[in-house]
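All of the numbers you see were taken from the coordinates with simple rules; none came from a lab. All values derive from a computational prediction rather than experimental measurement. Ideal geometry is used to build each Cβ from the backbone, glycine not excepted, and the neighbour counts take in all protein chains shown.
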Amino acid sequence: MVIEKLQESHMSWIAEELSSKSLNRESKWTESIAIGSEHFVGVTMERLGIRARGRYTVGENGTYELRESANPYSVNFDAKNDVVRPKNIYAWDGIV
């Protein structure tokens, strides 16, 4: 009985959100590590321990987010991979 009531409530919440708002992406849902009350976000940050380093909390209208800076990935690996270039190739043909 409880599960059915939760399912009905959940469907009602979704229908209400879809009818009352535009369908634009909200960054808080896709770019945050945790979203909720200040207590929830604080507990999540504590549980992350050392992994929470560099992450920060932002809050607005009673909703808080645990965020991290967005650093772009670097695709330039040439300098780091230079030592594994052709001079380090081993001839496997003669081993088998």
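Side notes on the structure shown:
- If the condition is being surrounded by 10 or more Cβ atoms within 10 Å (Cβ to Cβ), closer than 15 Å to Lys28 by Cα and of a type outside the set (Ser, Thr, Tyr), then the range 41-72 contributes Val41, Arg55, Val58, Gly59, Glu65, Leu66, Arg67, Glu68.
- Enumeration of residues in the range 26-53 that are free of Cβ contacts under 8 Å to residues at least 24 places away in the same chain and under 17 Å from Thr63 (Cα atoms): Glu26, Ser27, Trp29, Thr30, His39, Gly42, Val43, Thr44, Met45
- Restricting attention to the range 42-65, the residues that are within 14 Å of the chain's Cα centre (by Cα) and hydrophobic (A, V, I, L, M, F, W, C) total 3.
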